[in-house]
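Okay, structure first, notes after.
Throughout, read-outs are computed from the coordinates displayed, never taken from laboratory work. These figures come from a predicted structure and were not determined experimentally. Positions of Cβ are backbone-derived with ideal geometry, glycine not excepted, and every protein chain shown enters the neighbour counts.
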Amino acid sequence: MGWYEARCLLNVIFSYFYGSALLILCHRYLILGNKEFTALVLSMRIFTREAIKITGLTLLLGGLAFIDDYLLQTPLMHTHKWYFILFFFFLSIVTTYLVSIGIRRSPGLFQGYFFGAMLLRMGLCIGIIFWFVQQGVTQLLSFILTFFVMYFLYLFIEIYALVKTLKRKV
């Protein structure tokens with residue numbers, strides 16, 4: 001094992017929290033070889049960075065929702081805001097994972113993964129909106145405004161992280 005491989009392993013050790021991820025990566029290194037292993041580590045680092053940003057936004061929105069619930073006399077957000085926060089958190093994690101797979105597998109075709117993830121996001125959001133409307137949601141304007149503000153915040157964070165990642169790679 002050369003210096004480069006040892007540095008990659010140290011990056012994995014210090015960058016990721018779970019020991020099982022390290023074992024999987026060591027096993028993958030033995031199977032894949034140097035070039036593929038480096039691409040795998042890179043995609044995991046990209047996913048981890050973006051997941052941290054998404055988690056930060058989720059905690060910020062959760063704090064604002066808590067303030068909206070318990071400290072304001074007239075709430076600014078719709079009562080289903082907690083469902084929206086959880087929905088967008090998990091949706092953003094899934095789409096970020098899909099994009100990081102696209103960057104790893106075929107950097108030339110990564111746009112297809114990105115636009116596929118955005119299409120998945122848009123389709124699921126339209127489905128959720130229709131489901132809530134069918135259930136007879138009250139305060140429709142507040143519902144739509146809360147939903148789309150969160151939608152655009154999560155979308156902005158994902159695109160911002162992606163642009164920074166692509167600038168680093170170029």
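Things worth noting here:
- Given in Å, the Rg to one decimal and the Dmax to the nearest whole number for the Cα atoms of segment 96-157 are 15.0, 46.
- Of the trypsin sites (Lys or Arg not before Pro) in segment 43-101, those whose Cβ has at most 15 other Cβ within 10 Å and which sit in DSSP loop: none
- Segment 122-163: C-alpha pair distances exceeding 15 Å, %: 49 percent
- Taking 0.36 nm per residue of separation and subtracting the Cα-Cα distance, full extension of the segment from residue 166 to residue 73 would add 29.1 nm.
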